[in-house]
């Protein structure tokens, strides 16, 4: 289904604390609650964002040509995480060291019998994204803004060319329209650390945080 006419909002830069005005946060939140699609930066990488509703997820997957299981769920608190993912006390301690931050984590979904179904989760560090998630009061989903060659889009003109008339709202933050390392992707769903993709946070840093305060005989 083609999106309605796309609204575009351009902002020079974030506030010093990483926030945006209440008006902009409300604009984004209201669009999402109407099941609109919004393109905006998640930390420093632009993505297509929506509610965790099947119709919305399918629409993002169609635009991005990805399977819905590849979409990343965005949370703003561990209370929100509790509602749909399984994790241990040791996982919690580790996640508190890397979140909020640029790390995507694979866990098991908490969904009736489908306890082994994987879900990718991120607790973003940008204050305005956290406020948006708090405002809609549920996890969001995001897929990175790629072009047809699977290159990450970061220039304003490229983002507009790709997504105008395909999504409902585009938020351009000019200071974030620059190349930036992708997020690190890890899997801790099976009780051990697997680094799937190294990104902004290095493997060495992830390992040091994961094994912090653990000795060779420690069982979590």
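The values are calculated or read from the model by the stated rules, or taken from the named source; none is laboratory data. Keep in mind the model is a prediction, meaning the values are calculated, not measured. A quick note on method: Cβ atoms are made from the backbone with ideal geometry, for glycine too, and the neighbour counts reach across all protein chains shown.
Of all residues in the stretch 51-110, those satisfying the criterion of being part of a loop (DSSP other than H, G, I, E, B) and at pLDDT below 95 are 52, 53, 65, 66, 67, 71, 83, 84, 87, 88, 110.
Which is closer than 23 Å to residue 95 by Cα and modelled with pLDDT under 95, of 214, 207, 194? Full working, then the answer.
Values: 207 fails: modelled with pLDDT under 95; 194 fails: modelled with pLDDT under 95.
Matching residue, one of 214, 207, 194: 214.
Taking every residue in the stretch 120-137 that is in a loop (DSSP other than H, G, I, E, B) and pairing it with any residue that is surrounded by fewer than 17 Cβ atoms within 10 Å (Cβ to Cβ) and at pLDDT below 95, at least 6 positions away or on another chain, the pairs with Cβ-Cβ distances below 6 Å are 126/18.
Checked against (1) buried (at least 17 other Cβ atoms within 10 Å of the Cβ); (2) touching a helix residue (DSSP H, G or I) at 6+ places or on another chain (Cβ under 7 Å), residue 97 meets all criteria but (1).
Considering the stretch 140-211, the qualifying strands (runs of 3 or more DSSP E), each wholly inside and each with 2 or more residues that are without any contact (Cβ under 8 Å) to a residue 40 or more places away in the chain and within 16 Å of residue 106 (Cα to Cα), run over 194-197. Put simply, of 173, 129, 121 the only residue that is touching a helix residue (DSSP H, G or I) at 6+ places or on another chain (Cβ under 8 Å), crowded, with 17+ Cβ neighbours inside 10 Å and modelled with pLDDT of 95 or more is 121.
Of 190, 151, all but one fail to be within 18 Å of the chain's Cα centre (by Cα) and more than 25 Å from residue 18 (Cβ to Cβ); the exception is 151. On the stretch given as the stretch 132-150, residues that are more than 15 Å from residue 78 (Cα to Cα) and modelled with pLDDT of 90 or more total 8.
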